[in-house]
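Each value in this text was obtained by applying a stated rule to the coordinates, not by laboratory testing. The model shown is predicted, which means the values in this text are computed figures rather than measured ones. For neighbour counting, all protein chains shown are included, and Cβ atoms are generated from backbone atoms with ideal geometry for every residue, glycine included.
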Amino acid sequence: MAELRVEFSDQELRALEAAARDAGVPTEEYVRDASLRERTRRTFLATAVAFYDENVAEFDQAFPEEAPGTRAA
């Protein structure tokens, strides 16, 4: 398995270790999983934005009361 060395400040490392403890997993597993979750989150977000951009006009037409700028303040 390939390895990657990443340096953290003492404060960052303490925060990661605490988060890993809270999650009940080793620090290495926590860091690996967090990086993969971030990749998944970014992919999901990009897909959601693209879907919105492609369908916003249709949604605005179907639900005009929910369209941006139409709600009463």
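For the condition not β-branched (Val, Ile, Thr) and not in a helix (DSSP H, G or I), what is the one hit in Leu4, Leu45, Leu13, Leu36?
Being not β-branched (Val, Ile, Thr) and not in a helix (DSSP H, G or I) holds for just one of Leu4, Leu45, Leu13, Leu36, which is Leu4.
Residues Glu58, Glu7, Glu65, Glu29: which one is surrounded by 10 or more Cβ atoms within 10 Å (Cβ to Cβ) and not basic (Lys, Arg)?
Glu29
If only one of Glu54, Glu28, Glu65 is over 17 Å from the mean Cα position of the chain (by Cα), part of a helix (DSSP H, G or I) and under 21 Å from Leu4 (Cα atoms), which one is it?
After applying the criteria, what remains is Glu28.
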